[in-house]
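Report on the structure given below.
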Amino acid sequence: MADGIISMVLDRVFSTVYEYVDGGVKLVLNAKEDVEEFADNLRAIQAVLEDAEQRQVKDASVRIWLDRLKDISLQMVDVLDEWNTDMLRQQVKKQEREGENAPVPEKKKKKVTFSVSPSCFCFGKAKEVIFRREIASKIKDLNGKLSRIDEQRKRYGFQHIERGIQELPERQKTSSFVVLSEVFGREKEKDNLITKLLSNGREDRSRLLTIPVIGMGGMGKTTLARLVYNDKNVEAYFEKKVWVCVSDPFDEFKIAKAISGDDASSSDELNNVLQRMSTSIKDKRFLLVLDDVWIHDRKKWEKNWEKKWENLRASLIQSVAHGSRILVTTRQHDVVDVMRARDKIDLEKLSEEYCLSIFNRMAFHDTKVEESKAFEDISRNIVKKCKGLPLAAKALGSLMHNKKTRREWLDVLDSKIWDREEVEQQVFQPLFLSYYDLVPAVKSCLLYCACFPKDHEFERDELINLWMAQDYLNSKGNKDEGEVGQRIFDNLVARSFFQDLEKDSVSGKITGCKMHDIVHDFVQSLTKDECLVTDADVANEIEGLGEKVRHLTFTFWSKHGESLPLPPSNAYDNCKNLRSLSCFGSSSGKIASNFILQLKCVRTLNLSDCGISEVPKEIGELIHLRHIDLSWNHNLKILPDSICELYNLYTLSLTGCWSLEKLPDNMGKLISLKHLYVEACHMLEYLPKGILRLKKLKRIDECVVVRGEDEDRAALQVGDLRVLNLEGSLTIKLKGNVNDERELEKAQLWDLKQLFHLEINSKNVLYKQTKSTIEILNALRPHDNLESLDISYHSGTTCPNWMMSLHNLRIVLLYEWSECKFLPPLGKLPYLEKLTLWCMQKVEKIGGEFLGIVDSDETSLTSSSSTSFFPKLKEFEIRSMSALEEWEVGVEGWNKEDSEISIMPCLSSLEISYCKGIKTLPDFLCKTPLQDLVIGVCPSLSERCKHGSGEEWPKISHIPNIKISEYRYE
């Protein structure tokens with residue numbers, strides 16, 4: 001949609017032109033004035049875009065006008081990018097000059113002689129002037145084109161429409177009536193909701209409980225509310241019931257009058273209306289259903305609507321009897337937050353069988369059973385397209401009602417069914433309501449998801465990086481683009497555009513998601529001319545590519561040994577407007593140089609897992625590139641030096657490139673780089689020292705650093721970590737000799753306050769004067785804010801001297817501590833939620849030291865009124881500890897009835913595997929709320945935990961899910 005593009009262009013115009021001019025670089029031909037005139041015309045057009053967007057649906061000429069507007073706007077972004085690239089290029093040159101002129105220590109100085117001809121400077125200056133003239137000329141030309149579009153805008157007579165409820169498609173009003181014969185499924189949700197409604201309220205101190213039902217448009221929220229509203233038990237329990245279709249805006253007058261039974265057209269003071277409402281429900285057990293509640297504008301809600309809600313709620317609380325309820329249906333999690341509702345019900349997809357029942361009801365409701373059976377096989381295949389959305393099943397059933405021949409049914413099955421106007425009107429309507437409610441930047445981010453295949457698993461951080469690459473996250477002030485992206489992602493989740501949410505098991509943070517097929521079809525219907533996802537032959541598809549296509553995605557799976565099929569050279573010109581190119585699949589081949597050269601406008605290049613062994617040097621000419629994904633190309637050994645000419649590059653992903661031997665030494669020229677992913681690049685010897693020049697770098701997922709005088713001086717050293725301003729997650733792989741603890745301390749990890757996860761891997765450390773890695777770990781103290789810690793290949797006998805002071809730790813993994821005989825006192829960590837112990841080969845016993853006590857503490861513990869060890873621990877895994885024989889409590893008196901000592905009171909999951917010597921479990925397990933216990937390849941313990949007869953069975957008999965296996969398990 002044009003509004004998102006226009007907003008993005010205006011942001012770019014001002015961020016580029018003023019940064020450029022204020023930086024002291026001037027353009028000829030009054031380019032600054034041309035840009036400002038362009039922006040003025042664009043703002044005038046933006047003011048009437050809402051009217052134009054609505055009129056284009058029926059007016060083809062307006063649609064063409066909008067296409068031209070988008071095309072010229074994107075061309076301007078490209079020109080501004082060229083302008084910005086020139087500025088970045090000059091910054092890099094300045095850094096290089098300053099680096100060459102930096103003083104060199106006496107012992108490092110070498111005699112160097114060189115000569116430079118004055119003509120070189122003259123040539124460089126002339127080249128810059130020519131370039132700026134070309135940029136200015138392009139801007140002037142685009143300004144003229146936009147002026148003509150603006151003149152057409154005046155002739156169309158578009159009206160300015162304030163963004164608000166009047167611009168949204170009309171919402172269908174709902175009522176409490178339901179036809180039971182047309183409702184299928186939802187029995188479980190119905191029973192659950194009725195239980196919440198009919199509970200006596202003892203768990204709720206207030207007399208009025210708000211219960212929300214949340215789900216995407218068309219999922220059946222209103223239907224579920226109707227079923228409950230008309231249930232005979234609900235009828236008997238509540239003395240008064242009222243159903244109000246709320247929609248938007250939230251009107252407390254309307255709701256109060258509906259409750260009191262006043263004439264909806266009458267007007268009165270709010271206080272009087274609320275008073276009459278209170279009188280009508282005085283001391284009654286009351287059920288209020290608020291169907292289809294929206295927050296159209298969160299800021300307005302916070303300023304005005306929340307006050308309206310609180311006024312209404314306060315009046316209800318003062319009037320109704322204990323046990324009264326408010327049932328809210330909504331597609332927005334924001335509603336739940338602002339209403340302070342709880343006990344929510346997330347409405348999930350309907351089963352395929354129930355969808356089939358709905359479909360059959362609509363398609364065959366007045367026909368004979370024999371006729372429905374004749375189409376049974378086709379019906380099932382059509383219903384699969386619904387992917388659990390009841391509204392879609394209903395719409396498709398209605399579509400098929402008048403089709404009587406098998407040929408007609410097969411035509412629908414084989415067609416692009418969502419192109420049919422009847423289906424779009426019924427299925428997409430509720431999604432249009434949610435879509436039009438989004439601000440332009442969020443619309444752009446949502447529509448970009450049309451570039452991916454159906455059922456694609458979105459990774460939260462990767463998706464945000466892709467939005468950033470397309471300039472959808474232009475931030476204002478000091479806001480970070482990543483933070484803007486996080487808020488947009490959360491917004492789309494809150495409005496139910498994403499589903500199948502993947503969450504971190506401990507933190508609960510959403511890490512990934514999918515998009516429902518119907519939502520995917522919806523966003524593709526809005527971008528069908530601009531986004532193309534195809535599994536067709538690459539050569540044929542590019543040859544027939546339309547000029548409007550800006551995002552191209554191939555999904556293919558080539559046979560082993562086949563190369564990526566490429567189109568004839570005369571078809572490459574069709575790629576000139578592409579802004580993203582992605583390939584999902586597998587092949588083994590190379591990228592043609594002349595193909596790369598045609599991707600002049602591309603911002604995102606995703607060639608992950610495509611069997612690529614070589615990247616052409618011509619990639620350095622794609623100056624607009626911001627995101628390159630070359631991950632999981634196992635045969636890729638080197639990157640061309642030309643990749644360092646991509647001054648706009650934000651993200652470089654090389655994850656899983658096993659054969660990659662080195663990164664270009666000139667990485668410091670990637671002045672805009674924010675994210676570098678090199679995890680599982682096993683052959684990568686080091687990171688180049690030039691990375692220290694990257695002031696915008698926020699994320700390196702795996703940092704290979706070296707120590708020792710015999711190491712390559714071009715490599716990143718341990719002490720260099722202090723220069724980087726990293727955040728998020730960091731893995732440090734140490735390499736080389738360790739002989740100076742003070743040099744290690746130069747890393748100053750305690751200054752990296754934005755790190756929440758740290759892994760220190762010492763597998764490739766060599767030793768000269770030290771006998772273990774404890775000196776290394778002691779020197780690499782992280783900031784106290786750290787939440788997650790992994791320490792691998794530790795050869796010391798004790799834990800780092802700072803480990804137990806990290807009171808915010810929630811996740812700990814200890815792996816391959818080869819000399820450690822006693823576990824650290826991790827029971828003292830107050831917020832630890834997940835603990836994993838792997839390959840602690842010399843630990844024979846887990847006892848009191850693990851909880852954090854020593855012998856001298858036992859007396860004070862037994863007399864203490866209350867003590868808790870591992871107070872927050874939820875998940876605990878012990879694996880491959882071959883010497884481990886015993887796990888005991890280690891606290892005297894813990895099991896006395898009057899003792900308030902608790903151990904792991906929140907433990908829900910325990911796994912013990914590949915510990916052949918362990919025979920017993922601690923007694924305190926019987927007092928934990930364990931839900932899942934896994935014992936794998938632990939022969940003695942497995943025998944003693946046999947159901948009913950094993951000596952250890954009494955300790956675990958209360959656990960609902962127990963899995964014991966003598967063999968390797970999945």
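Quick one: which of 947-959, 272-284 comes out on top by average Cβ neighbours within 10 Å, and what's the full order, highest first? Don't skip to the end; give the middle numbers.
Details: 947-959: 14.2, 272-284: 16.4.
Packing order, densest peptide first, comes out as 272-284, 947-959.
Would you be so kind as to identify which of 668, 686, 705 lies farthest towards the positive end of the dipole of region 575-711, taking Lys and Arg as +1 and Asp and Glu as -1 on Cβ and the Cα centre as origin?
So the residue furthest toward the plus end is 668.
By per-residue mean of other Cβ atoms within 10 Å, what is the highest-first order of 150-157, 671-678?
Ranking, from highest mean packing down: 671-678, 150-157.
Determine how large the accessible area of residue 239 is when every protein chain is in place; take a 1.4 Å probe and give Å² rounded to the nearest 10.
Counting only protein heavy atoms, residue 239 exposes about 120 Å² to solvent.
On the full set of protein chains, 1.4 Å probe, figure out the accessible area of residue 584 and give it in Å² to the nearest 10.
Rounded to the nearest 10, that gives 50 Å².
What ranking, highest mean first, results for peptides 69-77, 690-698 when packing means the other Cβ atoms within 10 Å averaged over each residue? Intermediate results must be reported in sequence, preceding the final value.
Numbers: 69-77: 20.3, 690-698: 17.7.
Order by mean packing, descending: 69-77, 690-698.
Pairs to check: 662/733; 503/828; 443/695. Give those whose C-alpha atoms are more than 22 Å from each other in this structure.
On the way: 662/733 15 Å; 503/828 27 Å; 443/695 31 Å.
Cα-Cα > 22 Å for 503/828; 443/695; rest within.
For the pairs 746/821; 845/919; 528/548; 548/576, flag any whose C-alpha to C-alpha distance is greater than 20 Å.
On the way: 746/821 31 Å; 845/919 11 Å; 528/548 10 Å; 548/576 10 Å.
Beyond 20 Å: 746/821.
Could you state the accessible area per residue of region 626-764 in Å², with a 1.4 Å probe and every protein chain left in place? Walk me through the numbers before you get to the answer.
Working: 5310 Å² over 139 residues.
For region 626-764, the solvent-accessible area averages 38 Å² per residue.
Over the Cα atoms of region 635-679, Rg to Rh with Kirkwood Rh, two decimal places? Please report the intermediate quantities before stating the final value.
Numbers: Rg = 10.3 Å, Rh = 10.9 Å.
That ratio equals 0.94.
I'd like the accessible area for residue 822: 1.4 Å probe, protein heavy atoms, all chains in place, Å² to the nearest 10.
140 Å²
So, with a 1.4 angstrom probe, what is the percent of accessible area on region 647-703 that is carbon and sulfur?
On the way: 910 of 1820 Å².
Ligands and nucleic acids excluded, carbon and sulfur give 50 percent.
With N residues in region 745-805, what two-decimal value do you get for its Cα radius of gyration over 2.2 N^0.38 Å? Could the numbers behind the result be given before it?
Numbers: Rg = 11.6 Å, N = 61, 2.2 N^0.38 = 10.5 Å.
Region 745-805 yields a ratio of 1.11.
The values are calculated or read from the model by the stated rules, or taken from the named source; none is laboratory data. All of these numbers come straight from a predicted model, not from anything done at the bench. Cβ: placed from backbone, ideal geometry, glycine included. Neighbour counts: every protein chain shown. Heavy atoms of the whole protein, side chains included, go into the accessibility calculation; ligands, DNA and RNA do not. Shrake-Rupley method; radii C 1.70, N 1.55, O 1.52, S 1.80 Å.
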